[in-house]
Amino acid sequence: MSIVVSLVGATGAVGAQFLKILEQRKFPMRKLRLYATKRSAGSKIRFRGEDLTVEDTDPAKAFLGADIVFVSATTAASADYCPAAARVGAVAIDDSSAFRLDPKVPLVVPEINANDLQWHKGIVSTPNCTTVPLAMVLHALRQASPIRRVVVDTYQAVSGTGSAAVRELTDQTRAALAGGKIEKSVYPHQIAFNLIPQVDTFREDGYTKEEWKMQEETRRILGLSGLLFSATCVRVPVYQAHSMAVHIDFERPVEPKQARVLLSEMPGVKLVDNPEKSLYPLPIQAADTDDVLVGRIRKDTSNPTGLVLWLSADNLRKGAALNAVQIAEELVRRNLLGKR
Ligand code: A2P
């Protein structure tokens, strides 16, 4: 238990989940050091019965002596901090998009491609919060038949944007119910009592960066560079847990019954599929839990080789902090930490 961990972004929405998960899973570390920006320096966070002090992230100091550095701040911060952490012999586990498509950096969902950790060079990337649950479901189902094409529509919670967006949803909801003025700062439109079909900025092809990231990351994790893919990502007024309607086209027909068996055998996936009793995945059930919930599994009536399903998964846990902690657990188990 000599492991030292630094957590950058400790005061954020994902940071709070990191602290919970490290405590719940009894991650084998000797010391945890917490970092954020100057704004939060000096604030205290309780962890395993102790008050830890948050420090400003000075990359020259924050990573010295650390074995693992979890980075969950901004993409620009990650681009700076992760190489700095790797240089001093730590392994940076990064929750931003900075390195996800870098061929020198493994992009890992442990249930799918933990073996890719073998060739890390000091940085490991954890995928986008929408990619993780989708890739897990596709990985389970490709055991039945190769997958040709995926069409997915997402329903993404505001916590994916960060704690300021969580506050914005609360404030706007209160203001709307009181008949007051709706203030906007995080999103370009009101999110309370609304849906916004824009997650991240637009590309020239009309897709958003989020939609494109989901496509590229899914292809990379599954090793399916030619997978046909189209996503529409939508922000919804839900606090925690993303949901998705997924249309999958296989090379051969796959029966819903067979899909249920494969999904129920996949680690980290839980079937919630009894529509007659109104049992199907709900974001409110997925929030604060570890599993990807999958249900409403049925034939695609528009395609003889197609299946349709619905899923919900906690974007802050399996979509971010939990996946990162599982990566760290695998690095420890496989003796793959850096030589600091
Ligand atoms: P702070 O709270 O001091 O702003 P969220 O996504 O919920 O807004 O959280 C983002 C997290 O990342 C916060 O802990 C925030 O710290 C931290 N953060 C943002 N930018 C940086 C940076 N450049 N260096 C270190 N931490 C950062």
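The values are calculated or read from the model by the stated rules, or taken from the named source; none is laboratory data. The shown structure was predicted, so the numbers you read here are calculated from the model rather than taken from an experiment. Note that we place each Cβ from the backbone using ideal geometry, even for glycine, and neighbour counts take in every protein chain shown. Heads up: the accessible areas ignore ligands, DNA and RNA and are worked out on the full protein's heavy atoms, side chains in. Shrake-Rupley method; radii C 1.70, N 1.55, O 1.52, S 1.80 Å.
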Sequence of His242, His247, His120 when ordered by accessible area, the most exposed leading, probe 1.4 angstrom
His247, His120, His242
Once phi for every residue in region 222-235 is put through the Karplus expression 6.51 cos²θ - 1.76 cosθ + 1.60 (θ = phi - 60°), the whole-Hz ³J(HN,Hα) values, with Gly and Pro written as x, are 7, x, 10, 5, x, 4, 6, 8, 8, 10, 10, 9, 10, 8
Show which aspartates and glutamates lie in cross-link reach of Lys257 when reach means a straight Cα distance below 18 angstrom and same-chain residues fewer than eight apart are skipped.
Asp249, Glu265, Asp273, Glu276, Asp300
Solvent-accessible surface ranking, highest first, for Glu251, Glu329 at 1.4 angstrom:
Glu251, Glu329
Assign one of three labels to region 118-234, namely rounded, prolate or oblate, based on the Cα gyration tensor with a ≥ b ≥ c the square roots of its eigenvalues; rounded applies when a/c is under 1.5, prolate when it is not and a/b is larger than b/c, and oblate otherwise.
prolate
Where does helix 131-141 land angle-wise versus the long Cα axis of the chain, in degrees 0 to 90, nearest 10?
50
Based on alpha-carbon centroids, what's the gap between region 109-133 and region 157-194 in Å, whole number please?
33
Relative packing of peptides 64-72, 24-32 - highest average C-beta neighbours within 10 Å first
64-72, 24-32
Given a 1.4 Å probe and the protein chains all in place, what does the accessible area of Lys277 round to, in Å² to the nearest 10?
150
Quick one: Cα centre-to-centre distance for region 17-96 and region 263-321, in angstrom?
32
